[in-house]
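Contents: one structure, followed by commentary.
Every number here is computed from the coordinates shown, using simple stated rules; none is lab data. Bear in mind the structure is a predicted one, so any value in this text is a computation, not a measurement. Here Cβ is always computed from backbone atoms with ideal geometry, including for glycine, and neighbour counts include all displayed protein chains.
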Amino acid sequence: MIRINLLPHREEKRKKRQSEFYAMLGLAGTVAALIVILVGFGIGNKISSQEQRNNFIKAENAKLDIQIKEISMLKQEIEGLKARQQAVEDLQGDRNQPVYLMDELVKQTPEGIYLRAFKQDGQRVVMNGYAQSNERVSEFLRNLSNNSSWLNLPELVEIRSANLGQGKDAKKVFEFTINVGIKRPRDKESDSPANTGASPAQP
């Protein structure tokens, strides 16, 4: 005997498959959403952590900028103090410069040279005088350049023929003007062999 199933089993199977498909689709969507949420949460944590590090670096940089400014101000104050200290030392040393100048002029002025005036302007001294000849002036310049420990860099500003006296007593001389530098004590110390590294001459 042939049996015929008259129930709509195909339609039920189709509906069942559709239900299973939608269930799997929903599950996949839920899993995908959870993955997206987890990834987004992880990325957000990393971004937040990086922002915290960036803010920390910015704060530390700001502190360093303030410290650098303070160090720069301290350096300026130190340089100012050094400059004032050097100025005081120079003033104390310059008080003795007229003594050194007179002493050196006595030592370095050769015979036949008559100094009639000199004027100091800072570390330069302008001297006026008379000489018996040009050779005397040249000798005076050599002495100031090579033999003096306090005077240096002499320059002949002017030399000209002149008559000294009147009438039969008039003498032909050479009137000259010399510009020479005078050292400060600290300059003299810096030129010493101990500071320049030069060894003393052997006998």
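List, please: which pairs have Cβ atoms under 8 Å, are six or more places apart or on different chains, and start with a residue in the stretch 158-181 that is outside any strand (DSSP E or B) and end with one that is of a type outside the set (Gly, Ala, Ser)?
Matching pairs, first to second residue: Gly165/Lys171; Ala170/Asn163; Ala170/Leu164.
Specify which of the listed residues (Leu105, Leu34, Leu115) is part of a helix (DSSP H, G or I), under 30 Å from Leu164 (Cβ atoms) and more than 32 Å from the chain's Cα centre (by Cα).
From the options Leu105, Leu34, Leu115, the qualifying one is Leu105.
Is it the case that some residue within the stretch 130-147 is more than 30 Å from Lys172 (Cβ to Cβ) and either touching a residue at least 24 places away in the same chain (Cβ under 8 Å) or not basic (Lys, Arg) (or both)?
no
Which condition number in (1) loosely packed, with under 10 Cβ neighbours inside 10 Å; (2) touching an Asp or Glu at 6+ places or on another chain (Cβ under 7 Å); (3) aliphatic (A, V, I, L, M) is the one that Leu151 fails?
Evaluating Leu151 over (1) loosely packed, with under 10 Cβ neighbours inside 10 Å; (2) touching an Asp or Glu at 6+ places or on another chain (Cβ under 7 Å); (3) aliphatic (A, V, I, L, M) leaves (1) as the failure.
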